[in-house]
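Quick note: the coordinates plus some simple rules give every number you see, no bench work behind them. Since the model is a prediction, treat every value here as computed from it, not as a measurement. Neighbour counts are summed over all protein chains in view; Cβ atoms, including those assigned to glycine, are modelled from backbone coordinates with ideal geometry.
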């Protein structure tokens, strides 16, 4: 998904490319180098965090009930176009 939402292929996602997927505050929190963008490693860290939030039983899978939860819907924003 990272490559699909990075049409300029610059290797980073800016706020415009992440619009509707992450809030400005979430981007800032996920941006340790404070460059205003997320590289693929930073983006995947956010995906993992959202996956973990959507997987409260810690079974490393997301079932339909978990996917339909608010946390699951947040995860979908990052992994589905």
Folded to 0 to 90 degrees: helix 70-79 orientation relative to the chain principal axis, Cα: 40 degrees
Estimated distance in nm for a label pair at residue 15 and residue 60, the labels positioned 7 Å out from Cα along Cα-to-Cβ: 3.8 nm
Tilt relative to the chain, helix 40-54 - C-alpha long axis, 0 to 90 degrees, to 10: 20 degrees
Option label - P(r) over Cα pairs in 10 Å bins from 0, in percent computed here, alternatives [x] 18, 59, 21, 1; [y] 17, 38, 22, 16, 5, 1; [z] 19, 50, 26, 5: [z]
Simple spin-label estimate for residue 3 and residue 69 in nanometres, 7 Å along Cα-Cβ: 3.2 nm
Protection proxy ranking, peptides 43-51, 19-27, average beta carbon neighbours within 10 Å, highest first: 43-51, 19-27
Over the chain: helical MRE at 222 nm, DSSP H runs n ≥ 4 each giving -39500 (n - 2.57), nearest 500: -12500 deg cm²/dmol
Ordering of 66-72, 52-58 by packing [mean C-beta count within 10 Å, highest first]: 66-72, 52-58
Point-to-point label distance, residue 48-residue 26, nm (Cα→Cβ direction, 7 Å offset): 1.8 nm
